[in-house]
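The values are calculated or read from the model by the stated rules, or taken from the named source; none is laboratory data. In this text, all values refer to a predicted model and were calculated from it rather than measured experimentally. Don't worry about glycine lacking a Cβ; one is built from the backbone with ideal geometry, like all the others, and counts go over all protein chains shown. These area figures cover heavy atoms from the full protein model, side chains too; ligands, DNA and RNA do not enter into them. Shrake-Rupley method; radii C 1.70, N 1.55, O 1.52, S 1.80 Å.
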Amino acid sequence: VAYTGFTGLVSDVVPTDQMGFASGIMGGLTAAGAVVGLLALGFWVPLEMAYAIYAAAVLFTTPFTWLAAKEIQLSTADCKPYVWGEIVRSYWISPTTHGDFFWVFVSRTFYYMGVSIQIYILYYLRDTMEDPEISEHAQTYTSILCMISQGASGVVASFAGGVSDRLGRKPLIYLSCLCMGLVYIGYCLVKSYTAVIILGLCYGASNGVYLAVDYALAVECLPRKDDHAKDLALWGIAAFLGTMFGPCITGPLLAVVGGQGTSHYAFKGYVAVMMLGVVYSFFCGFFIFRVRRGNAAVKVPVNSLSH
């Protein structure tokens, strides 16, 4: 519920020409929150205290949003009545009714299906690393990898959004998808933790590029600006669909291709999983290609306006 309100709120208070910058800040802060959470749970906070601290953090930070966001209250006459048929139809997204926004939604679903591959990195380190120190303490080294990757994501996202205001959203998403696909191929070729860290940095950076621009692109492709809260809420659902359907496909694939009758999996299973990540990254970029908006704005010379 909070996430739904937040996605609609940002587009209310940020000017269109600064949306890329704002999207980058959102992506950077998202990654920063993940790094702080990983550090806290990994080294400082007892696991049984995690939810209590999360609740306290929400209670502490929510008033800042309430104070900063100045919304215009609708009068009773302007409020729409609840019509259940209309509410049900609002969940339908199609190329006919939503145009570019539909393809952004589909692309984002594939992006999060690709991100879901990362949950298998723990097992990948356990089963494929040649150094027994890494394979026997895979959980610790996975946490370190996640923190490094998320840190790179936050740093890159903080300035990539501003870059997208000048170069356009689509070129940066193409670059992000290409890099993520290459990283998944790289996981099939390495055996050392150092190489995995380098790949994790590259994945984090490309992930940061995507996070910096996907919100700005969604806002740019909204079918109706006066109904943006509902559509951005649906855009948010794409993340949940991707992270739900991704493991439903990847898990059985790893078991079928890499299963050995034990709790460990063969290297060929992880190759299949990483190649699936390449496929997801490809389709993420492919469906963005269907989007007509999101390219760099064409600047008209001032002296040409007088002719």
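Of the residues Tyr174, Tyr215, ranked by 1.4 Å probe accessible area with the largest first, the sequence reads Tyr174, Tyr215.
For the chain, the dipole from Cβ point charges (+1 on Lys and Arg, -1 on Asp and Glu) about the Cα centre works out to 740 debye, to the nearest 20.
Annotation: extensible slack from Ala2 through Ile237 equals 83.3 nm (criterion: 0.36 nm per residue apart, minus Cα-Cα distance).
Does the stretch 139-265 classify as rounded, prolate or oblate by the C-alpha gyration tensor (a ≥ b ≥ c root eigenvalues; a/c under 1.5 gives rounded; else a/b over b/c gives prolate, otherwise oblate)?
It is oblate, given that a/c is not under 1.5 and a/b is not larger than b/c.
Extension gain, Ala50-Leu189: 0.36 nm per intervening residue step, less the Cα-Cα distance, totals 46.4 nm. Helix check for the chain. Which DSSP H runs span at least 24 Å along their own axis by Cα, with a mean Kyte-Doolittle hydropathy no less than -1.0? Span-like helices, by this rule, are 19-39, 50-68, 138-167, 169-187, 193-220, 228-258, 267-289. Please work out the FRET efficiency for the pair Ile197 and Phe267, using the Cβ-Cβ distance as r and a Förster radius of 22 Å; give the result to the nearest 0.05. It comes to 0.70.
If I take R0 = 25 Å and measure r between the Cβ atoms of Leu39 and Gln18 in this structure, what FRET efficiency does the formula 1/(1 + (r/R0)^6) give, to the nearest 0.05?
Values: r = 31 Å, r/R0 = 1.23.
Plugging the Cβ-Cβ distance into 1/(1 + (r/R0)^6) gives 0.20.
The listed residues Ile249, Ile121, once ranked by accessible area (1.4 Å probe) with the largest placed first, stand as Ile249, Ile121. Semi-axes of the equivalent ellipsoid of the stretch 153-195 are 27, 13, 5 Å, computed as sqrt(5λ) over the eigenvalues of the C-alpha gyration tensor in descending order. Counting only protein heavy atoms and using a 1.4 Å probe, the accessible area of Leu217 comes to about 0 Å².
Listed peptides 270-276, 189-195, 114-120, 285-291 appear in the order 114-120, 270-276, 285-291, 189-195 once ranked by packing, highest mean of other Cβ atoms within 10 Å at the front. Placing pseudo-labels 7 Å out from each Cα toward the beta carbon at Gln260 and Phe282 gives an inter-label distance of 2.9 nm.
In plain terms, the chain from Lys80 to Val58 could stretch by 4.9 nm, reckoned as 0.36 nm per residue minus the Cα-Cα distance. Counted over the chain with a bin width of 20 Å, the fraction of Cα pairs per bin, in whole percents, is 29, 55, 15, 1. The accessible area of Glu133, taken with all protein chains in place and a 1.4 Å probe, comes to roughly 80 Å².
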